[in-house]
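Below is one structure, written out as structure tokens; comments come after it.
The values are calculated or read from the model by the stated rules, or taken from the named source; none is laboratory data. As the structure is a computational prediction, the values presented were derived from the model and not from experiment. Glycine also receives a Cβ, built like all others from the backbone with ideal geometry; neighbour counts cover every protein chain displayed.
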Amino acid sequence: MNTIRIAAAVAVALALSAPAHAGKRDNTLRIAGNQVPESLDAYFNNVRLGVIIAHHIWDQLIYRDPRSNEYKPLLATAWKWVDQKTLEIDLRKGVRFHDGEAFDADDVVYTLNYVSNPANKAVTQQNVNWIEKAEKVDAHKVRILLKKPFPAALEYLAGPIPIYPNAYYAKAGPKGMSAKPVGTGPYRVTEHQPGRLVKFERNKDYFKDSPRPQPAIERIELRLIPDQNTQAAELMAKGLDWIFNVPPDQARQLKSVRDLNVVAGESMRVVWLTMATREGTPTPVLKDIRVRKAIAHAINREAMLKTVVGESARVIHTLCFPQQFGCTDEGAPRYPYDPARAKALLAEAGHPNGFEIDLYAYRERQQTEAMIGYLRAVGIRTNLRYMQYAAMRDALREGKAG
């Protein structure tokens, strides 16, 4: 699978000027998100807002300090490699889940064995498919067996692999965990209206020696509002305290509004275009590398940063974000904007008049439409298939797209 990174996503936050960004009277932070997670179960969700929600509810075995990049004990207290495929982990004592259940080895073993089993169809299977199985050594020690050596094991254990309460998860399953999430994290869910609202309350019993910051705000209310104009109107009416992922044109307008702070900053969110080259692809034209290079040269990513994405983004040239584990874009090939070169490559590949192709997308519509314009300019005519994430994921898995 060939991927071109189009731009680092921009994170633009707006906040009412108030201490800790929370209402003084009730110590509640009211925010909005423009996505609707398929599930609140972290293993059955693959959208960014779902990841943010999960970060509040659950803990991982290991914590990676975002400033130093040092791995620190979280639910684990220590770990060691027995050999290249065996990781032994000592677990923290005295931690409790939101429902009062004590955390121990059974929770780790059940979680890892459940989600790494393909039969259970975790949406994030790619995050756990390196795990052969987990074994209990004693009440506070586990052993993780790998299918083969995996250098990023600690990074994954510090990221997309939260630990669930085994008794509750065995009974509730993914649907029950989504309806009423239970974790050890700094916030507990007090109300969940699917597709509309998630309310959080500070976990007053969150363990004090956690390397994660202690929860400072008493309550958080997350409203799911897909329309960003509606979000902005709610913010100005003081129904919200904070919105994020604000489009650049809207952010520029809101900068002039009194009592609002507009803050732009780079995030690790990446917008990219994937070109399918596997056997049986519905778009065999993309199997020709000259066509793929033509597409890369046809898109003016630098112009998209200025006109669509915003001031805090940048073009990257890798299959990963440079701050991620093991990632660098040094030496990565560059494909500068060159429509003449794109047309020449298409002609060389036997498409002097271009061709027609379907383009599937589930978010970043403005960027997608900008790319369509650039492709049209070199003769590539696209049919945009814009859909919800779950529908697009299923189409990809069934070979109907990509």
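Among the candidates LEU273, LEU224, the residue that is under 30 Å from ILE289 (Cα atoms) and modelled with pLDDT of 85 or more is uniquely LEU273. Scanning the stretch 31-63 for residues that are in a loop (DSSP other than H, G, I, E, B) and either on the phi > 0 side of the Ramachandran plot or among the small types (Gly, Ala, Ser) (or both) yields one hit, SER39. Residues of the stretch 50-84 that are out of contact with any Ser or Thr (no Cβ under 6 Å at 6 or more places or on another chain), touching a residue at least 40 places away in the same chain (Cβ under 8 Å) and under 23 Å from GLU201 (Cβ atoms): VAL51, ILE53, ALA54, HIS55, HIS56, ILE57, TRP58, GLN60, TYR63, LEU74, LEU75.
When THR283 is tested against (1) touching a strand residue (DSSP E or B) at 6+ places or on another chain (Cβ under 9 Å); (2) more than 20 Å from GLY399 (Cβ to Cβ); (3) modelled with pLDDT of 85 or more, just one condition goes unmet, and that condition is (2). All conditions but one from (1) touching a strand residue (DSSP E or B) at 6+ places or on another chain (Cβ under 7 Å); (2) closer than 21 Å to VAL291 by Cβ apply to TYR386; the one that does not is (2).
Listed by first and then second residue, the pairs with beta-carbon distance under 7 Å, at least 6 apart or on different chains, first residue in the stretch 138-164 and not assigned by TED's automatic domain parsing to the domain that holds PHE325, second crowded, with 16+ Cβ neighbours inside 10 Å and of a type in the set (Ser, Thr, Tyr), are LEU154/TYR71; ALA158/TYR63; ALA158/TYR71; PRO160/THR124; ILE163/THR111; TYR164/THR111. The condition (being farther than 29 Å from ARG67 by Cα, surrounded by 13 or more Cβ atoms within 10 Å (Cβ to Cβ) and of a type in the set (Phe, Trp, Tyr)) is satisfied by just one residue among TYR156, TYR168: TYR168. Of the residues making up the stretch 347-365, just one is within 29 Å of VAL246 (Cβ to Cβ) and either loosely packed, with under 15 Cβ neighbours inside 10 Å or at pLDDT 95 or above (or both), namely ARG365.
Scanning the stretch 294-306 for residues that are out of contact with any His (no Cβ under 9 Å at 6 or more places or on another chain), part of a helix (DSSP H, G or I) and buried (at least 20 other Cβ atoms within 10 Å of the Cβ) yields ILE295, ALA296, HIS297, ALA298, ARG301, MET304, LEU305.
Quick one: is ALA8 outside any helix (DSSP H, G or I), at pLDDT below 95 and among the small types (Gly, Ala, Ser)? In short, yes. A single member of THR277, THR318 is within 18 Å of the chain's Cα centre (by Cα) and hydroxyl-bearing (Ser, Thr, Tyr), and it is THR318. Exactly one residue out of ALA401, ALA342 is crowded, with 16+ Cβ neighbours inside 10 Å, more than 18 Å from ALA294 (Cβ to Cβ), touching a residue at least 40 places away in the same chain (Cβ under 8 Å) and out of contact with any Ser or Thr (no Cβ under 6 Å at 6 or more places or on another chain): that is ALA401. Taking GLY183 as the residue in question, decide whether it is among the small types (Gly, Ala, Ser) and at positive phi. Taking the combined requirement at face value, the residue does not satisfy it. Scanning the stretch 171-183 for residues that are part of a helix (DSSP H, G or I) and either closer than 14 Å to PRO37 by Cα or not charged (D, E, K, R) (or both) returns ALA172, GLY173, PRO174, LYS175, GLY176, MET177, SER178, ALA179. Only residues that are more than 18 Å from THR283 (Cα to Cα) and among the acidic types (Asp, Glu) were counted in the stretch 349-402, giving 2. Scanning the stretch 325-379 for residues that are assigned to a loop (DSSP other than H, G, I, E, B) and within 22 Å of the chain's Cα centre (by Cα) turns up PHE325, GLY326, CYS327, THR328, ASP329, TYR362, ARG363, GLU364.
Can PHE321 be described as within 27 Å of PRO226 (Cα to Cα) and among the aromatic types (Phe, Trp, Tyr)? So PHE321 passes the test.
Looking only at the stretch 164-173, decide whether some residue is charged (D, E, K, R) and over 23 Å from the mean Cα position of the chain (by Cα). Scanning the stretch 164-173, I find at least one residue that is charged (D, E, K, R) and over 23 Å from the mean Cα position of the chain (by Cα), so the answer is yes.
The set of residues from the stretch 236-249 being farther than 22 Å from ASN27 by Cα and within 23 Å of the chain's Cα centre (by Cα) comprises ASN245, VAL246, PRO247, PRO248.
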